[in-house]
Amino acid sequence: MSQTKKKIPLIWKITIGFVLGIVAGAMIGPKVAVVEPIGKIFITLLKMLIVPLVFSSLVVGVSSIGDPKTLGRIGIKTILLYLGTTAIAIVIGLSMGHFFQPGAGMNIENVAEASGKAAPTLAQVIIGMFPSNPVQALAQGHMLQIIVFSLFFGIAAILAGEKGKPILSVMDSIAETMYKVTEVVMSLAPYGVFALIAVTVSKYGISVLAPFAKVIGAVYLGCLLHAIIVYSGLVSIITKKSPMWFFSGIKEASLTAFVTRSSSATLPVTMTCTQENMGVSEKISSFVLPLGATINMDGTALYQGVCALFIAQAFGIDLSLGAQVGIIVTATLASIGTAGVPGAGLIMLTLVVTQAGLPMEGVAMVAGIDAVLDMARTSLNVTGDACVTTVVAKTEGELSL
């Protein structure tokens, strides 16, 4: 009798690569530098993905939402609530990064030139979001400008009606192709992470790894605070129900998300919880929840804030207020188009790191603990979906309990 071998999930392969990289760097020392090109190639491939993936997926994401005028009240409320809670999540993540200072003192490399650049003002960041030449923005990888242009492009394609459908079909094909390219690149992640961590440990010693415990603590505490403050607050104020009513009603979905690390896989459980435990009508839950699985990434956004500051601190870079506002805007807008991408958390982090001008090597460092972080952030994503669904249902008179 033949037995089917179970495949090891990619995220655990990355974790294994991370651990083996630590061992190799500590035991072999400087000679491990022979694998350094593997890490650099992996970083280059990640950079290769960013522009086509973000542009195509954002256009498709906007088109799937549709014209806000036709969506009406429910669509506008849902989108604003999802994007608003996502922005708050990033702020909490940045706050956790400032409080815990996980990367402080690591001093991975000398970045005097990077820290010596003049910091852009808040006004410059906002003005700089809008591209005068979108082709140039695409070529040079100006991520905020690419995101803004993608949103305009997607909405215009919808407004063009029948004549806009062919371009949306092409963009959908490009997006699906880029998802496959992403799968291929991410399949190389265990080797890239192994090489980058091995070289880092060989250069700076095993003590360089201690701050990762702070990163995990900061993300988990941030997720807990976001759930208690933001979700409890919304539910209490809008529905007049107690936070315990909400968390008790959604606990099965939150736990399923924590274990599976997949918002999409948890969607049937989330729909059952909101309809049966909280009395949300099928009309509301069938629209708001699938949309949330696509564009709501509160947990991932919070993780972006913590990890961006961790990387900046580890490499000795002082992020200005303008740069941190840029992180908030980038991660909030990017959540529209990247939620369904395999390895979405790392891809989004790559996007945020690029926009903030931080070293891409930091992404590979975080990748090693991504499995542990993914549990908390996915659970928060799903809890947020349920919160917004409940709030929208209440405002529409579609909450029966």
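The values are calculated or read from the model by the stated rules, or taken from the named source; none is laboratory data. Model, not experiment: these values are computed from the prediction. Every residue, glycine among them, receives a Cβ derived from its backbone with ideal geometry; neighbour counts consider all protein chains shown. Calculation scope for accessible area: heavy atoms of the full protein, side chains included, ligands and nucleic acids excluded. Shrake-Rupley method; radii C 1.70, N 1.55, O 1.52, S 1.80 Å.
If the chain linking His98 and Ala33 were pulled fully straight, counting 0.36 nm for each residue of separation and taking away their Cα-Cα distance, it would gain 20.1 nm.
Order the peptides 304-313, 261-270 from the highest to the lowest mean number of other Cβ atoms within 10 Å of their residues. Before the final figure, lay out the partial values.
Numbers: 304-313: 28.8, 261-270: 19.4.
So the order, starting with the most tightly packed, is 304-313, 261-270.
Any chance you could run the full-extension gain for Ser242 through Leu221? It's 0.36 nm times the residue separation minus the Cα-Cα distance, nm to one decimal.
On the way: separation 21, 0.36 × 21 = 7.56 nm, distance 2.16 nm.
5.4 nm is the gain from fully extending Ser242 to Leu221.
Determine, for each peptide in 82-88, 235-241, the mean count of other beta carbons within 10 angstrom over its residues, then list the peptides with the highest first.
Details: 82-88: 20.1, 235-241: 15.4.
The packing order, highest mean first, is 82-88, 235-241.
The 1.4 Å probe gives accessible areas that order Trp12, Trp245, largest first, as Trp12, Trp245.
Ranked by accessible surface with a 1.4 Å probe, highest first, in what order do Ser286, Ser56 come? Numbers along the way, then the final one.
Details: Ser286 60, Ser56 0 Å².
Greatest to least solvent exposure: Ser286, Ser56.
Label positions at Ser173 and Ala26, each projected 7 Å from the Cα along the C-beta direction, are separated by 5.2 nm.
According to the square roots a ≥ b ≥ c of the eigenvalues of the Cα gyration tensor, what is the shape class of the range 141-287, taking rounded for a/c under 1.5, prolate for a/b larger than b/c otherwise, and oblate for the remainder? Oblate shape, in that a/c is at least 1.5 and b/c is the bigger or equal ratio. Short-range pairs are left out: with C-alpha atoms under 8 Å and at least six residues apart, the relative contact order of the chain is 33 percent. The length gained by stretching the chain between Lys203 and Gln124 to full extension, at 0.36 nm per residue less their Cα-Cα distance, is 24.7 nm. Each of Val91, Pro190, Ser242 was placed along the dipole of the chain (beta-carbon charges, centred on the mean Cα), and the one lying farthest toward the positive end is Pro190. Label sites at Leu401 and Val259, each approximated as a point 7 angstrom past Cα along Cα to Cβ, lie 2.0 nm apart.
May I ask for the distance between the Cα centers of the range 161-234 and the range 287-335, given as a whole number of Å? So the separation of the two Cα centres works out to 11 Å.
Summing -39500 (n - 2.57) over the DSSP H runs of n ≥ 4 in the chain and dividing by its residue number, what mean residue ellipticity at 222 nm do you reach, to the nearest 500 deg cm²/dmol? Each step should come with its number before you reach the end.
Values: 18 runs with 294 residues, N = 401.
Taking each H run of at least 4 residues, the total per residue is -24500 deg cm²/dmol.
Here is what passes the span test in the chain: the DSSP H helices with alpha carbon length of 27 Å or more along the helix axis and a Kyte-Doolittle mean of -1.0 or above are 36-65, 68-100, 165-187, 370-395. Annotation: per residue accessible area for the chain equals 44 Å², rounded to a whole number [probe 1.4 Å, protein chains only].
Report relative contact order for the range 258-331 in percent, whole number only (criteria: Cα-Cα under 8 Å, sequence separation at least 6). Each step should come with its number before you reach the end.
On the way: 22 pairs, mean separation 16.7, N = 74.
23 percent.
First measure r as the distance between the Cβ atoms of Ile76 and Lys165, then evaluate 1/(1 + (r/R0)^6) with R0 = 25 Å and state the FRET efficiency to the nearest 0.05. That gives a FRET efficiency of 0.60. Ordering 190-203, 347-360 by mean Cβ neighbour count within 10 Å, with the highest value first, yields 190-203, 347-360. Given [x] 66, 56, 50; [y] 57, 57, 41; [z] 65, 42, 42, which label gives Cα extents along the principal axes in Å as computed from the coordinates? Read-out from the structure maps to [x].
What relative contact order, as a whole-number percentage, does the range 214-364 give when Cα pairs under 8 Å and 6 or more residues apart are counted?
Details: 123 pairs, mean separation 29.9, N = 151.
Here the relative contact order equals 20 percent.
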